[in-house]
Amino acid sequence: MDIYSSRKRSFIMSKISGKETKPEIKVRKYLFALGFRYRKNVSTLPGKPDIVLPKYKTVIFINGCFWHGHDCKAAKLPTTRTEFWSDKISANRERDNRTYQTLEAIGWKILVVWQCAIRNKQLFEAEMERVVLFLKQ
């Protein structure tokens, strides 16, 4: 049973933003400090990637573990309405895969950075090294 009424839960969920999140900002600041220049949330590309590096023909998606169904503890499904959430996350994953395939088909390289890797300081450094190596190849 949810601790909030459905009206209150709906209000809470409506306040979740899809862009300008703390993980996105952290990754962008890191890349900018290293001299990488990018565009944000380019609506002309499928999936409106969080970071677009046109010079490298690369897009970066900063995915929230829960919303995109990552296999970490942060992606644990709620105990209420599990079927709804399972279907929702599955649909999100399918949409993500279609987006990635479309982007690859038109010549873009794709990187996905997970929220759990950004929150952990050691994982963040390793993840950013992976991103920078990918971009420099």
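Where a Cα-Cα gap under 16 Å defines reach, which aspartates and glutamates qualify for residue 26, not counting those fewer than 8 residues away within the same chain?
Straight-line reach from residue 26, under 16 Å: 50, 125, 127, 129.
Rank these residues by their accessible area, most exposed first, probe 1.4 Å: 71, 2, 96.
Values: 71 140, 2 55, 96 20 Å².
Final ranking, largest accessible area leading: 71, 2, 96.
Roll a 1.4 angstrom probe over the protein heavy atoms and tell me the percent of accessible area of the chain that is carbon or sulfur.
Working: 4920 of 9210 Å².
Accessible surface attributable to carbon and sulfur in the chain totals 53 percent.
What is the helix-to-structure angle for 22-33, meaning the angle in degrees between its Cα long axis and the longest Cα principal axis of the chain, kept from 0 to 90 and rounded to the nearest 10?
It works out to around 10 degrees.
For the chain, with every protein chain kept in place, what is the accessible area per residue (1.4 Å probe, Å²)?
Normalised by residue count, the accessible surface of the chain is 67 Å².
Looking at 34, 59, 113, which one has the Cα that reaches farthest to the positive end of the dipole of the chain (charges on Cβ: Lys, Arg +1; Asp, Glu -1)?
34
Take the residue pairs 8/121; 57/121; 19/121; 8/76; 19/88 and return only those whose Cα atoms are more than 26 Å apart.
Numbers: 8/121 34 Å; 57/121 28 Å; 19/121 22 Å; 8/76 22 Å; 19/88 19 Å.
The answer is 8/121; 57/121.
Out of all DSSP beta bridges in the chain, what portion is antiparallel? Express it as a percent rounded to 5.
45
Would you work out the charge dipole size for the chain about its Cα centre, treating the Cβ of every Lys and Arg as +1 and the Cβ of every Asp and Glu as -1, and quote it to the nearest 20 debye?
Numbers: 27 positive and 13 negative charges, 105 e Å.
So the magnitude is around 500 debye.
The values are calculated or read from the model by the stated rules, or taken from the named source; none is laboratory data. What you see is a predicted model, and the numbers here were worked out from it, not measured in a lab. Using ideal geometry, Cβ is built from the backbone for each residue, glycine included, and neighbour counts are taken over all protein chains shown. Accessible surface areas use protein heavy atoms only, side chains included; no ligands, DNA or RNA. Shrake-Rupley method; radii C 1.70, N 1.55, O 1.52, S 1.80 Å.
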